[in-house]
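What follows is a set of notes on a single structure, which appears directly below.
Please treat every number below as a calculation from the coordinates, not as lab data. Everything numeric in this text was worked out from a predicted model, so none of it was measured. Every residue, glycine as well, gets a Cβ built from its backbone with ideal geometry; the counts of neighbours run over all protein chains shown.
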Amino acid sequence: MLGFKNHYLSIMLSKRQFLKSLFFSAALPLKIRRERLLKKLPPSWTTEAFDAYWLKIRSDYKLKTEYINLENGYFNMMSQPVMDAYFNDMRKVNLEASCYMRTVQFENKQKTKERLATLFGCSPNELIITRNTTESLDTIISGLNWNPGEEAIMAEQDYGSMLDMFKQNAKKYQIVNKIVSIPLNPKSDEEIVELYEKAITSRTRLLMICHMINSTGHILPVKKICDMAHEKGVEVMIDGAHAVAQFDFKISDLNCDYYGSSLHKWLGAPLGAGILYVNKDKIKNIWPLYGELGFGENDIKKLNHTGTHPVATDLAINHAIDYHNAIGIKRKEERLGYLQSYWTTKVRKIKNIIINTPAELKRSCAIANVGIKGIRPSELANILLKKYKIWTVAIDNANVQGVRITPSIYTTIDELDKLIAALKEIAAR
């Protein structure tokens, strides 16, 4: 672990050196707004000094050379320092075997949970470690005491796994699912809030919203939606699969009742790590997914009985947090937002190219979606991979037809320039 900590120290020192070379005056603020990054700035702000720091970060990732990976939204790979520490944890757990499992397993998981609670701004007594967002949110959807005729509101742009669980509950409990559609380029936050508000009736029990829509990268005004829903006595569950560790926020500031996310995306933890937040006043109302009689009805641990699982994953979350903190969430958000803005602004007005992500900076971060007139998303994804060696994912549902482009903190401007050139060439045909 000493080498691992030294690596973090190296990153922190590099940040200081980076800042010294980047800023022309000590009076300049540490935070660089994305709005300023989009303007024409002196070269040292966007090339040598700026990229030198991120090239050092890139060196922490083992990347395939056969293609450019611009589909990091599904699974954002672990950095090598995190992976090395993860492997060491697996060896330790395997060495101690049942002794580890029967002595310190739950103590270590509790410590990890406490660190996650600090990172995301909530009480450890309102948080559990799950396997992913689907497990987290399905625990809530299936765990509520539904009455026949009660309503749940969601959007057609929501993730399919949760929509499927609502469909199953409609059959099982005779609830009513009401579906709205999120505009690609809303005129204001109020337009989105009103969309959900108009769907609410006296029978509405739960409202599910995305913090960031997975297919387009559209960040919704979740706090405003939660405030509106609570005024009408409706609970709100947030799908934060792509929000956690991508941009800066605290769960406690959102005024939501339930929040689920995956840690294998933007936190850079191993596959099989997620979180579920439940407001302390709501815990007693949720039935566990699996039978658990060892905890009180107000104890969130009752929702965390999943049987024996890979406990080294719980430990590895700590290493991912360390790496994430060494970079800093504000710097990470600025970099990811800059990368997305860099390529979208260069193709947004090109003939035949359609950007399915809001242009307003506050409504997006790393993820964006692009389509080309006359080309099906699957065909576009195939062309980008086979001809241009760029890996993406096709999205063809709701009001979104295009490929999702998701750079990571290791992505370079040169790689995005290749994407831009490819899109222009395809659109020109």
Size of electric dipole in the range 134-187: Cβ of Lys, Arg +1 and of Asp, Glu -1, about Cα centre, debye, nearest 20: 160 debye
Positive-end extreme of charge dipole, the chain - chosen from G268, L119, I354 (charges on Cβ): I354
Label-to-label distance, nm, for residues given as K198 and I179 (7 Å Cα→Cβ offset): 1.8 nm
Pairwise label distance in nanometres, D164 with T65, each label 7 Å out on the Cα-Cβ vector: 3.9 nm
Efficiency of FRET between M101 and K389 - r from beta-carbon atoms, R0 30 angstrom, step 0.05: 0.10
DSSP-defined antiparallel bridges as percent of all bridges, the range 83-322, nearest 5: 40 percent
Computed magnitude of the charge dipole of the range 83-322 (debye, nearest 20; Cβ of K, R +1, Cβ of D, E -1): 500 debye
Prolate/oblate/rounded label for the chain (Cα gyration tensor, a/c 1.5): oblate
Estimated FRET transfer efficiency (K172, L271; beta-carbon r; R0 30 Å; 0.05): 0.50
Charge dipole (debye, nearest 20) of the range 206-280; +1 at Cβ of Lys and Arg, -1 at Cβ of Asp and Glu: 100 debye
Cross-link reach list, aspartates and glutamates versus K111, counting only Cα pairs under 20 Å and skipping chain neighbours closer than eight places: D89, E96, E126, D299, D314, D322
Listed pairs K172/K280; K265/K418; K171/K362; K62/K301 exceeding 31 Å between Cα atoms: K171/K362; K62/K301
Where labels lie 7 Å past Cα in the beta-carbon direction, separation of T118 and K280 in nm: 1.9 nm
